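Values quoted throughout were computed directly from the atomic coordinates according to the rules given, and no laboratory measurement underlies them. Please read all numbers here as calculations on a predicted model, not as lab measurements. Positions of Cβ are backbone-derived with ideal geometry, glycine not excepted, and every protein chain shown enters the neighbour counts.
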Amino acid sequence: MLAYRHAFHAGNHADVLKHLVLTRVLRYMGEKDKPYTLIDTHAGAGGYSVEGRYAQKKGEYGEGIAKLYDRKDLPAPLADYVGLVRAFNPDGQLRQYPGSPAIANLLLRETDRLRAYELHSTDHRILASYLESRPNTQVSDRDGFSAIKAELPSPTRRAALLMDPSYEIKTDYGKVLTALREALERAADTVVMIWYPQLQLLESTQLAARLKASADAGAKKGWLHARLTVAQADERGFGMLGSGMLVVNPPFTLHDELAECLPVLVERLGQYDGANFVLEQKAG
């Protein structure tokens, strides 16, 4: 949605879960010498000021990354992700939050390819400027969903795909499902990471099951599903309760890493006594 600006939500609990998973997947893919391609369908601006008026309007980062930033007792995978956020803040103070392209920029090697898509004209301009000196990188203002046909199969053969639309328009739910099916038809071993919001909305409550079914039909290495529930809906049933990540063809290390981190995230980020997590996996 062209009116959507992620800066309002940067560094919140959903970003913590999403970027923890992204960090673990990219670390794993970087262990092999052969280069890989990361395709980011909804890349955003790259980085966001948590001191700016957008982030300060709701202060969501205060219930997310701010509760982890100075902790010295985090599990290693979680500490690694927080360390990347700290690297994005060279003076040591939490002033900026790295979006997925910035995390990728910190982790990808020069030989790895980055393909970032962002429709919002201002965010696209900021992102293109931020990544202009990075080799093997293309930043496009085309629709990321429609780009899958051009990007997969990748010339590097190894590829990861991140899809995290805003879901502010309900058609995004169907587009994510269609895009997953297309990606697996074109390259069945692609690591696909799909973020979704946990809402009291039919499309949201059904999405994970529908994604799992598509993964069962087309993925080589099964799927992993992680959900972090931190809040309750308001009296009208509105509000984001948490979020989830469905990873298709996940690294074999990911389940154990998240099993170590998710209880800590519930403890640190939970906003009510019923905060909880779900972690499930099905092999291919």
FRET efficiency estimate (nearest 0.05) - Cβ-Cβ, residue 136 to residue 217, R0 41 angstrom: 0.80
Selection from 197, 252, 17, by position along the positive dipole direction of the chain (Cβ): 252
Chain lengthening between residue 73 and residue 280 when straightened (0.36 nm per residue, less Cα-Cα): 72.0 nm
Projected label distance in nm at residue 202 and residue 168, using a 7 Å step from Cα toward the beta-carbon: 2.4
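At a temperature of 4 °C and a viscosity of 1.567 mPa s, determine how fast the chain diffuses translationally according to Stokes-Einstein, using the Kirkwood radius over alpha-carbon pairs as Rh; express D in µm²/s, rounded to the nearest whole number.
Details: Rh = 18.8 Å.
D, rounded to a whole number, is 69 µm²/s.
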Karplus (6.51, -1.76, 1.60) ³J(HN,Hα), θ = phi - 60°, over the stretch 122-131, in Hz, Gly and Pro reported as x: 5, 5, 4, 5, 5, 5, 4, 5, 5, 9
Charge sum, other residues only, whose C-beta stays under 12 Å from residue 159's C-beta, Lys/Arg counted +1 and Asp/Glu -1: +2
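Please compute the Kirkwood hydrodynamic radius of the stretch 92-220 from all pairs of different C-alpha atoms, in Å with one decimal.
Working: mean 1/r = 0.0623 Å⁻¹.
For the stretch 92-220, inverting the mean 1/r across all distinct Cα pairs yields 16.0 Å.
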Under-5 Å amide H pairs with residue 159, H placed in peptide plane, nonlocal only: 37, 191
Hull volume in cubic angstrom per residue (convex hull over the Cα atoms of the stretch 14-118): 102
The stretch 212-226 - phi-based ³J(HN,Hα) in whole Hz, Karplus 6.51/-1.76/1.60, Gly and Pro as x: 4, 4, 5, 5, 4, 7, x, 8, 7, 10, x, 8, 9, 10, 10
Compactness of the stretch 72-162, expressed as Rg and Dmax over alpha-carbon positions, Å: 14.9, 43
Theoretical ellipticity at 222 nm over the chain - DSSP helices of four or more residues, -39500 (n - 2.57) apiece, nearest 500: -11500 deg cm²/dmol
Choice from 254, 78, 152 with maximal GNM fluctuation in the chain (Cα, 10 Å cutoff): 254
Contact order relative to length of the chain, as percent, for alpha carbon pairs under 8 angstrom and 6 or more apart: 20
For the chain, built as a Gaussian network whose Cα springs stay under 10 Å, the top-fluctuating residue of 153, 77, 135: 135
Within the stretch 192-223: backbone nitrogen closer than 14 Å to the residue 255 label point (7 Å, Cα to C-beta): 221-223
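For the stretch 148-270, what does the convex hull of the Cα positions come to per residue, in cubic angstrom? Walk me through the numbers before you get to the answer.
Details: hull volume 12.7 nm³, N = 123.
Taking the convex hull of the Cα positions in the stretch 148-270, it is 104 Å³ per residue.
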Local net charge near residue 272, Cβ-Cβ under 13 Å (Lys/Arg +1, Asp/Glu -1): -4
Inter-label distance for residue 119 and residue 273, nm, one decimal - labels placed 7 Å from Cα along Cα-to-Cβ: 4.4
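What area, in nm² and to one decimal, does the C-alpha convex hull of the stretch 79-119 cast on average over all directions? Walk me through the numbers on the way to the answer.
Numbers: hull surface 14.6 nm².
For the stretch 79-119, the mean projected area of the Cα convex hull comes to 3.7 nm².
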Residues with amide H under 5 Å from that of residue 48, placed H, sequence gap 5 or more: 97, 99
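Between residue 157 and residue 236, what length comes free when the chain is fully extended (0.36 nm per residue of separation minus the Cα-Cα distance, one decimal in nm)?
On the way: separation 79, 0.36 × 79 = 28.44 nm, distance 4.77 nm.
Full extension from residue 157 to residue 236 adds 23.7 nm.
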Fluctuation leader among 117, 69, 97 - the chain, Gaussian network, Cα springs under 10 angstrom: 69
Largest to smallest principal axis extent of the C-alpha atoms in the stretch 243-284, angstrom: 36, 16, 11
Amide H within-cut-off set for residue 140, under 5 Å, with H built and near neighbours excluded: 116, 117, 118
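Go ahead and run the numbers for FRET between residue 33 and residue 188, Cβ-Cβ distance against an R0 of 25 Å, rounding to 0.05. Don't skip to the answer; put the middle values down first.
Working: r = 23 Å, r/R0 = 0.91.
E(calc), rounded to 0.05, equals 0.65.
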